[in-house]
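Working notes, beginning with the structure itself.
Derivation of every value follows stated rules applied to the coordinates shown; laboratory data play no part. Fair warning: this is a prediction, and the values are worked out from it, not measured in the lab. Cβ sites come from the backbone with ideal geometry, for glycine too, and all protein chains shown count toward neighbours.
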Amino acid sequence: MPLQPHEERVLAERAELADKCVKLEAFIVSDAFKAVDILDRDLLEEQHNAMTVYLAVLDRRIARFAPKSS
């Protein structure tokens, strides 16, 4: 069964968010991150945590797209 348009949008949103999470995580573990102000580092880590939770929610929504067997 093909995906509904809103389901396709959720998949695209998930892919975009996952890419941003990977890039932010790579920055957080880089040497350049150490040069950032401590408050900004804390905020970036908080942002990454929120994005990870958001990603998990999207994953759970996507898991519900599969047809349910009776």
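Along the stretch 33-38 the Karplus relation, 6.51 cos²θ - 1.76 cosθ + 1.60 evaluated at θ = phi - 60°, assigns HN-Hα couplings of 4, 5, 7, 7, 3, 4 Hz to successive residues, with x for each Gly and Pro. The alpha-carbon positions of the chain define a convex hull whose volume is 83 Å³ per residue. From its DSSP helices (H runs of at least four residues, each -39,500 (n - 2.57)), the chain gives a residue-normalised ellipticity at 222 nm of -26000 deg cm²/dmol. Treating r as the C-beta distance of HIS6 and ASP37 and R0 as 30 Å, the FRET efficiency rounds to 0.15.
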